[in-house]
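Structure record follows, encoded as structure tokens.
The values are calculated or read from the model by the stated rules, or taken from the named source; none is laboratory data. Keep in mind the model is a prediction, meaning the values are calculated, not measured. Here the Cβ is made from the backbone with ideal geometry for all residues, glycine too, and neighbour counts use every protein chain on show. Please note that ligands, DNA and RNA were not included when accessible areas were found on the heavy atoms of the full protein model with its side chains. Shrake-Rupley method; radii C 1.70, N 1.55, O 1.52, S 1.80 Å.
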Amino acid sequence: MRRCPLCHNTQTWLFHRNKKRDVYTCNHCNLVFSDASAHLPPQVEKLRYQQSCQKKQSALSQFMFNLSAQCQQGTTSPLSGLNFGRVLQTSSLSKINSQQHSMVQYDPFFAPDHELLKRHYDYIGCYQVFEHFRSPFKEWALLSSMLKPGGWLAINTKLLTDLSSFDRWHHKNNPTHVSFYQHSTFEFLAEQTGFKLSFAPNDLILVQKPSGSDIKRSQS
Ligand SMILES: [Zn+2]
């Protein structure tokens with residue numbers, strides 16, 4: 001039995017076991033998560049992120065460009081965006097910032113400017129970041145608190161759509177991937193916070209904070 005790191009429920013059960021780690025699932029929010037005892041030490045994790053950083057630049061850049069362009073449609077006001085959890089190369093970032101809108105970025109290893117986490121944003125992008133969250137409740141609360149009313153959170157993470165084929169799911173083999181989400185997990189989160197939720201093709205999950213309402217944080 002393990003406590004769910006997202007909803008804190010204790011109704012969890014061992015779902016999958018392999019040579020490297022145990023994986024649990026939560027009956028309440030349907031998060032699938034790896035046992036904390038198998039988490040990589042921070043130095044090892046950092047090294048792996050350094051190695052994968054270059055490979056993901058093109059896709060990350062495209063994701064942030066698309067997100068910025070869509071948010072800017074139909075508005076003449078300057079918008080502020082945050083790229084959370086994965087660093088974009090300076091050249092790509094400056095292209096986004098060359099217009100009247102601005103984007104900043106935060107990453108716990110490579111851009112750890114905590115002051116940025118005290119600000120509020122019109123949109124936040126998380127490209128292949130959610131699967132790395134060891135404390136998804138804490139991260140969700142932080143992201144929710146940084147969104148302005150009416151603001152958008154765009155998430156790219158591979159959704160777990162078929163529990164029965166988890167054994168063969170390639171995505172779970174990366175030891176830095178520790179949290180896996182089903183559609184129902186995001187439905188749970190959206191309901192908890194009163195956010196609007198939609199699923200788009202290519203593993204895109206869009207969340208919008210309601211305008212003019214205060215965020216309600218779960219205290220569980
Ligand atoms: Zn849960």
Quiz item: Given 0.36 nm per residue, what is the gain on full extension from GLN73 to GLN57 after removing their alpha carbon distance, in nm?
Solution: 3.3 nm
Quiz item: Using a simple spin-label model with points 7 Å from Cα along the Cα→Cβ vector, what separation in nm is obtained for SER102 and SER184?
Solution: 4.4
Quiz item: What value, in deg cm²/dmol to 500, does the helix sum -39500 (n - 2.57) over DSSP H runs of n ≥ 4 give at 222 nm once divided by the residues of the chain?
Solution: -8000 deg cm²/dmol
Quiz item: Taking only protein heavy atoms and a 1.4 Å probe, what accessible area per residue, in Å², does the range 12-208 have with all protein chains in place?
Solution: 49
Exercise. Return the aspartates and glutamates within reach of LYS20: Cα separation strictly under 19 angstrom, same-chain partners fewer than 8 residues apart disregarded; answer none if there are no such residues.
Key: ASP35, GLU45, GLU131, ASP167
Quiz item: Which length gain, in nm to one decimal place, applies between ARG48 and PHE65 when the Cα-Cα distance is subtracted from 0.36 nm times their residue separation?
Solution: 3.6 nm
Quiz item: Which residues' amide hydrogens lie under 5 Å from the amide hydrogen of PHE15, considering only partners 5 or more residues apart or on another chain, with H built in the peptide plane?
Solution: VAL23, TYR24, THR25
Quiz item: What FRET efficiency would be calculated for the residue pair ASP203, GLU115, taking the C-beta separation as r and a Förster radius of 30 Å, to the nearest 0.05?
Solution: 0.45
Quiz item: By what distance, in whole Å, do the Cα atoms of the range 69-156 stretch along each of the three principal axes, largest value first?
Solution: 37, 29, 24
Quiz prompt | Neighbourhood net charge (14 Å Cβ-Cβ; Lys/Arg +1, Asp/Glu -1) for ARG2 | solution = +2
Quiz item: Measuring from the lowest to the highest alpha carbon on each principal axis, how far does the range 133-204 reach, largest first, in angstroms?
Solution: 40, 24, 19
Self-check item: GNM flexibility winner over the chain from GLN43, GLN208, GLN11 (Cα, springs under 10 Å)
Solution: GLN43
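Taking the highest mean first, how do the peptides 137-145, 175-183, 109-117 order by number of other beta carbon atoms within 10 angstrom per residue?
Working: 137-145: 17.8, 175-183: 19.4, 109-117: 12.0.
Descending mean neighbour count gives 175-183, 137-145, 109-117.
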Quiz item: If you place +1 on the Cβ of every Lys and Arg and -1 on the Cβ of every Asp and Glu, how big does the dipole about the Cα centre of the range 12-208 come out, in debye to the nearest 20?
Solution: 440
Quiz prompt | Among beta bridges that DSSP assigns inside the range 1-159, antiparallel share in %, nearest 5 | solution = 40
Quiz prompt | Separation between Cα centres of the range 139-208 and the range 56-98, rounded to whole Å | solution = 20
Quiz item: Counting only protein heavy atoms and using a 1.4 Å probe, what share of the accessible area of the range 12-208 belongs to carbon plus sulfur, as a whole percent?
Solution: 51
Quiz prompt | Contour minus Cα-Cα distance for GLU191 and ARG3 (0.36 nm per residue) | solution = 65.6 nm
Quiz item: Cysteines of the chain lacking any other cysteine beta carbon under 4.7 Å?
Solution: CYS53, CYS71, CYS126
Exercise. Work the Kirkwood hydrodynamic radius out for the chain: mean of 1/r over every pair of different alpha-carbon atoms, inverted, in Å.
Key: 18.1
